[in-house]
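To start, the structure itself, in structure tokens.
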Amino acid sequence: MLKNYLTIALRHLTRHKLFSVINMFCLAIGITFALLIGIYVMNEEGVNARLRNIHNQYVIKSRWKQENMGLDITTLGPLAKTIRDEYPSQVANFYRFDAVVNLVSVGTRHFRTQIAAGDTSFVSMYGFRLVHGNPTRAFRNNLSAVVTEAFARKFFDRTDVVGQTISIQTPADGGSHDFIITAVLQDMPRNSVTHFVGPPFEVYLPMDANQYFQGGDKGDNWSNVFMVSLIELKKGVDAKDLDKSLARVLEKYQPPFVKGNLQAFLVPLGDYYLDANNGAVKHMLSTLSLVALFILILAVINFVNISIGTAAHRLKEIGLRKVFGGYKRQIIVQHVTESMMLSLAAALLSLLGYEAIRSFFAQLLQTSFQHFWQFSFLQGYFLLTLVLTLGVISGFYPAFVLSSAPTVLAVKGKFTRAMGRMRLRKTLLVFQFALVIMVFICSMNVSRQVSYIFNKDLGYDKEQVMIISSLPRQWDSAGVIRMENRKNNLLEVPGVKNASLSYDIPDGNGGGYVNIDTLGNASHFISMQIIGADADFAKVYDIRLQEGHFLTPFDARPVQGQVVLNETAMKALGWESAAGNTIRMGGVGGYLLRVVGVIRDFHLESVQKTIQPTLIASLNEPFTRSYRYLSVKLDTRNLSSTIDALQVRCKTLFPEAGFDYSFMDEKYQAIYKTELQIQKASRLATVLNLVIVFLGLFGVLAFTLSQRTQEMAVRKVLGAAWFNLVGLFVKEYGLLILIANVIAWPIAFVVTQRWLENYAYRIDQGVLTYLLVSVLVFASSFFLITVQSLKATLVNPVNQLRME
């Protein structure tokens, strides 16, 4: 029986080659896109899955009553350890770390490296594997270091480096400290412990009696609000069970300035990656999955429409099967078999498509896709399930419709009377066009918002600004002055227009926060972002002064107590003019600062956030004295030679630091990585949707024309011109597209508006975008309809009527 099903299916598919190719091609597009997105979603949702006891692992997050008092991803330094010590029946283990970036040296090799100074429990707590070293005692003492395989290869060109010495700069005094490598960590896939924020950590230092900070264990300081803290609960303990315990510990130990402001709570580590940054990854996965589903739906609708359309050729076959005793379920199985064969053929074609575009998607989504012959069992199972499900869904409805035809009418081949007027095909076409118009409009609005972001006046100039981050660190007054002198030395390099030393740059990470009040009202203070910078910061970034002057250059005897405010800070303080006024930082007894100037507002963070009140202070103030970046304004002429000359000069000035640089426009693009990914994905989805819809329209129209050839011949004999005949089809399908627009517009508006609400600065949705999409869809559809129907109208009516 199965052989008979396959023979008949093959015969039918080869007899209607055009429609079979259209169906197979559309299904292949849907399967390819769904396969890529499915693998990407599985990989992203698998982050953290390999961590030991992942269902019992949690991150302690903070909810601050007073905004900007601390970060939500960090909490008080001793909290995790204390909760374990005081509630051992609830908490099994803890891990805290402080993330820093600094220069690590081995001989003449110097690299800017991600470092985590934390508790020594992380190897055993999360089940990380070591390629070298003792997993039960990865750290031997507080002078030990655990490094990754990648770090070992980068510095030593091998992984067996236990016992080797690395030198790390100590920023407090500008010196360096040696650490002995006691273990090499196996390179791990992305997870929220070794890849907490940004690039993965490569060096792990013990926090106990820490030699890096030279200030002891930062985990013992209750005033430290910037400690990343994770805990492991005992089996059977629920996260809610710890709410009261956390509140009691905070009530008992929190410092006065925190009291009443902090609520600590637990979030599952397993979902942390997906939920971070307001669920950015989860939203991305949902968007891509929805787009893939839309494409699959369009492909299935094409299959259903064309299958029902070509059913007229098979009604007599179905009628005779019933006359000779064929059962309804046999007819259904026959047609599902045909759709399954087509789906399997499309799957084979989709594998070729997958191989052809997987590198493009890997670059687009900044991930990796293995070859299809390297699929895991889960990925292979997903593909098989997708293909089989698609085959059944695509074939079931046409099979059900055809098998339900009355036997008498089916034997006579009277399709319209057997099946009714087939409004279903038009309804499905309307649904297809509504989907593609909605996706098209959303894609246009995403592109408009991204263009707005990259063309918006940011209040500063990011072009041709090089960011040098590999700087030797000595965070005291002498170190700041020495670095400023070295910066001035760079100005002698041809092509360097200006340079500035600072702790922060406009890279989306913002600055720290301080409390500012006026002398007249110490009980009311404003939380402001603070940037440590030198006198040339405004010149390098072309930030315009509104009043007064910028910071005074400092030398061996610098002028202190001068600050510059942005416009928002001045307004927050209730002033119409700020230059010459005095403010106080840190409340009664805090630093008195004189405002010497006001600058125009500029975006230090993403356009998703409003511009915050901002204070810029000199790097040589007692409360700033630290730096991370050297911003260099370059001449656009002879850029490559200028970079080469800078590299030579930097190696002379900073022989212990190397030359690690990037450009400000690249950092700005990195802020909006997700937006750029959504923009590219939505454009690709729009193109694929249009291809599928127009192929479906082509197939349905081809069938309709073949059914109405004699009607058109009669109309031509009675005097109808070619444009009258073309107008019939344009009018019929134009009405469907018009209805699709009416359905798609409000849905697209709501979807786009909800997405735009994530941005403090955003475009306004205008009717022009909607009209433009409608005109493009109308024009493309009318062109296809006109060309195809015109070809049919040019056939000699005598030949068509002779057949009758």
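The values are calculated or read from the model by the stated rules, or taken from the named source; none is laboratory data. These figures come from a predicted structure and were not determined experimentally. Here the Cβ is made from the backbone with ideal geometry for all residues, glycine too, and neighbour counts use every protein chain on show. The accessibility values were calculated without ligands, DNA or RNA, using every heavy atom of the protein model including side chains. Shrake-Rupley method; radii C 1.70, N 1.55, O 1.52, S 1.80 Å.
Name the long-range amide H neighbours of N498: under 5 Å, sequence gap of 5 or more, or other chain; modelled H, no Pro or chain starts.
K633
How are the alpha carbon pair distances in region 741-792 distributed across 10 Å bins from zero to the largest one, expressed in percent?
With 10 Å bins starting at 0, P(r) equals 21, 36, 24, 13, 6, 1.
Under the 0.36 nm per residue contour assumption, what length would be gained going from the current alpha-carbon distance of Q677 and T652 to full extension? Display every interim value, and only then the final one.
Details: separation 25, 0.36 × 25 = 9.00 nm, distance 4.02 nm.
Stretched out fully, the Q677 to T652 stretch lengthens by 5.0 nm.
So, by mean Cβ neighbours within 10 angstrom, what's the order for 253-263, 31-41, 117-127 with the highest one leading? Don't skip to the answer; put the middle values down first.
Numbers: 253-263: 14.3, 31-41: 23.4, 117-127: 20.8.
Packing proxy ranking, top to bottom: 31-41, 117-127, 253-263.
With all protein chains present, calculate the accessible area of H132 using a 1.4 Å probe and round the result to the nearest 10 Å².
Accessible surface of H132 is approximately 50 Å².
At 1.4 Å probe size, put R50, R248 in order of accessible surface, largest to smallest. List each step's numbers first, then the result.
Numbers: R50 190, R248 125 Å².
Descending accessible area places them as R50, R248.
Take K633, K731, K667 and sort them by solvent-accessible surface of the protein heavy atoms, 1.4 Å probe, largest at the top. Let's see the in-between values first.
Values: K633 30, K731 160, K667 55 Å².
From most exposed to least exposed: K731, K667, K633.
Any chance you could look up the accessible area of W755 with a 1.4 Å probe, heavy atoms only, rounded to 10 Å²?
50
Could you give the length gained by full extension between S469 and K259, i.e. 0.36 nm per residue of separation minus their alpha carbon distance, to one decimal place? Please report the intermediate quantities before stating the final value.
On the way: separation 210, 0.36 × 210 = 75.60 nm, distance 3.72 nm.
So the chain would gain 71.9 nm between S469 and K259.
Computed FRET efficiency, Cβ-Cβ of E576 and I747, R0 41 Å: what is it to the nearest 0.05? List each step's numbers first, then the result.
Values: r = 47 Å, r/R0 = 1.14.
The calculated FRET efficiency here is 0.30.
If amide hydrogens are placed 1.01 Å from N in the peptide plane, which non-local residues have theirs closer than 5 Å to the one on I526?
The list, which skips near neighbours in sequence, is I516, D517.
Once both labels are modelled 7 Å past Cα along the beta-carbon direction, what's the K539-V691 spacing in nm?
5.4
Mind checking which of F663, S631, I583 is farthest towards the positive end of region 582-688's charge dipole, using Cβ charges of +1 (Lys, Arg) and -1 (Asp, Glu) about the Cα centre?
I583
Within the set of other residues whose C-beta is less than 11 Å from the C-beta of Y95, count the net charge using Lys and Arg as +1 and Asp and Glu as -1.
Details: positive: K81, R84, R96; negative: D119, E232.
Once positives and negatives cancel, what remains is +1.
Given H placed on each backbone N at 1.01 Å, which residues far from A92 in sequence or on other chains put an amide H within less than 5 Å of it?
Close amide H contacts, sequence-distant or interchain: E232, L233, K234.
Go ahead and run the numbers for FRET between R190 and K609, Cβ-Cβ distance against an R0 of 35 Å, rounding to 0.05.
Values: r = 26 Å, r/R0 = 0.74.
Efficiency computed from Cβ-Cβ geometry: 0.85.
On full extension of the chain, what length is gained from L639 through D238, given 0.36 nm per residue of separation minus the C-alpha to C-alpha distance? Present the calculation step by step, with values, prior to reporting the outcome.
Values: separation 401, 0.36 × 401 = 144.36 nm, distance 5.85 nm.
In short, 138.5 nm is gained.
Please report, as a whole percent, how much of the solvent-accessible surface of region 589-646 comes from carbon and sulfur atoms (probe radius 1.4 Å).
Details: 930 of 2110 Å².
The computed percentage sits at 44.
First measure r as the distance between the Cβ atoms of R129 and N485, then evaluate 1/(1 + (r/R0)^6) with R0 = 51 Å and state the FRET efficiency to the nearest 0.05.
Using R0 = 51 Å, I get an efficiency of 0.60.
Given a 1.4 Å probe and heavy atoms of the protein chains only, how would you sort M466, M444, largest accessible area at the top?
Sorted by accessible area, descending: M444, M466.
Can you give me the solvent accessible area of T636 with a 1.4 Å probe, rounded to the nearest 10 Å²?
For T636, the solvent-accessible surface is approximately 90 Å².
If you roll a 1.4 angstrom probe over the protein chains with everything in place, what fraction of the accessible area of region 15-144 belongs to carbon and sulfur, to the nearest %? Mind showing how you got there, number by number?
On the way: 2610 of 5340 Å².
About 49 percent, which is the carbon plus sulfur part of the accessible surface.
Can you spot the aspartates and glutamates whose alpha carbon is less than 16 Å from K462's alpha carbon? Ignore those fewer than 8 places along the same chain.
Partners within reach: D504, D507, D536, D542, D601, E605, D635, D665, E666.
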